[in-house]
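*Asks:* For reference, the structure I am asking about is given below.
The values are calculated or read from the model by the stated rules, or taken from the named source; none is laboratory data. Source: prediction; values computed, not measured. Here the Cβ is made from the backbone with ideal geometry for all residues, glycine too, and neighbour counts use every protein chain on show.
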């Protein structure tokens, strides 16, 4: 199926979904270089990444028949296909803390404060994982692990392209070095900060690790990120029992929040679009006035040269 989507009659939309700092941008880079067109994001601020030239230098060379859209949402309307990028929650959370401080320049306190605040909010790694891997959605979903992506980009890219029903327009070797994490880090070190597997060990204290384990709803174990002993199994069981009602409540609140945020973002985008239209209209009016002034100046100059007759 060379260069074709499964349904050529309409543009197909596929969401690239992840908890923050789980490899979403990296997947977008892979797809842009492989397929030759630009991916999108539901977040207007992601234009910063495009401005620094990190998103696909090869886009727009092919018809964009598949709309690839980044989001960190916990719920999506419709039945679009979803690529879910999963990363060890401890690595993702540690990276998220650094990202908010170094890239977003937010004052969020020390890591322990941030970790505990995150666990009581809707933006908590286990809730995001639960919302996609264990809640029924009308979507067809492909799970891509960050760790597998780190160890074998080309293989994981092949899985993603097969899911999309697309063939690459260039071999992986043509751009592999450019989008290696080492090169991305050298270009934008505050955004592509570390990328290492198990780097969470450098920031988590023993208490932080115990706290995460007690509140992760058992997903580190279920997803193979830890091999629990008897003590941690008991902790996981207690965590799952006391968190069942909490996770349902916070997931609902998170989904409502995400939908409200999406509506606000649509309104903001419409306001920006209207402002742009008005700016263009004003510029056209200004150009018209300039032309009329120039024509009037010429007429006045011509009149001044004519002899007066009485």
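*Asks:* When only residues in the range 95-113 that are over 19 Å from residue 219 (Cα atoms), part of a helix (DSSP H, G or I) and under 21 Å from the mean Cα position of the chain (by Cα) count, which is modelled with the lowest pLDDT? Please lay out each step first, then the result.
*Replies:* Narrowing the range 95-113 to residues over 19 Å from residue 219 (Cα atoms): 97-113.
Applying the additional criterion that residues be part of a helix (DSSP H, G or I) yields 97-102, 111-113.
Next, from what is left, pick out any that are under 21 Å from the mean Cα position of the chain (by Cα): 97-102.
Numbers: 97: 93, 98: 89, 99: 88, 100: 90, 101: 88, 102: 83.
Looking at the filtered set, the residue picked out is 102.
*Asks:* Taking residue 117 and the conditions (1) in a loop (DSSP other than H, G, I, E, B); (2) out of contact with any helix residue (DSSP H, G or I) (no Cβ under 9 Å at 6 or more places or on another chain), which numbered condition does it fall short on, given that it satisfies the others?
*Replies:* (1)
*Asks:* Follow-up. Mind listing whichever residues of the range 116-136 are crowded, with 16+ Cβ neighbours inside 10 Å and in contact (Cβ under 8 Å) with a residue 40 or more places away in the chain? If you could, list the steps in order and put the result at the bottom.
*Replies:* Applying the first criterion (crowded, with 16+ Cβ neighbours inside 10 Å) to the range 116-136 yields 118-119, 122-132.
Answer for the range 116-136, where residues must be crowded, with 16+ Cβ neighbours inside 10 Å and in contact (Cβ under 8 Å) with a residue 40 or more places away in the chain: 119, 122, 123, 124, 125, 126, 127, 128, 129, 130, 131, 132.
*Asks:* Out of the helices (runs of 4 or more DSSP H) lying entirely within the range 141-225, which hold 3 or more residues that are closer than 19 Å to residue 84 by Cβ? Break it down stepwise before answering.
*Replies:* Details: elements: 146-151, 153-164, 181-187, 206-214, 219-222.
In the range 141-225, 146-151, 153-164, 219-222 are the helices (runs of 4 or more DSSP H) which contain 3 or more residues that are closer than 19 Å to residue 84 by Cβ.
*Asks:* So which of 192, 163 ends up being in contact with a helix residue (DSSP H, G or I) (Cβ under 6 Å, 6 or more places away or on another chain), closer than 24 Å to residue 30 by Cβ and surrounded by 13 or more Cβ atoms within 10 Å (Cβ to Cβ)?
*Replies:* Working: 163 fails: in contact with a helix residue (DSSP H, G or I) (Cβ under 6 Å, 6 or more places away or on another chain).
The unique qualifying residue is 192.
*Asks:* Considering only residues that are modelled with pLDDT under 95 and over 17 Å from the mean Cα position of the chain (by Cα), which ones fall in the range 59-93?
*Replies:* Hits for the range 59-93 are 59, 60, 61, 62, 63, 64, 65, 77, 78, 79.
*Asks:* What's the number of the only condition in (1) at positive phi; (2) at pLDDT 95 or above that residue 156 fails to meet?
*Replies:* (1)
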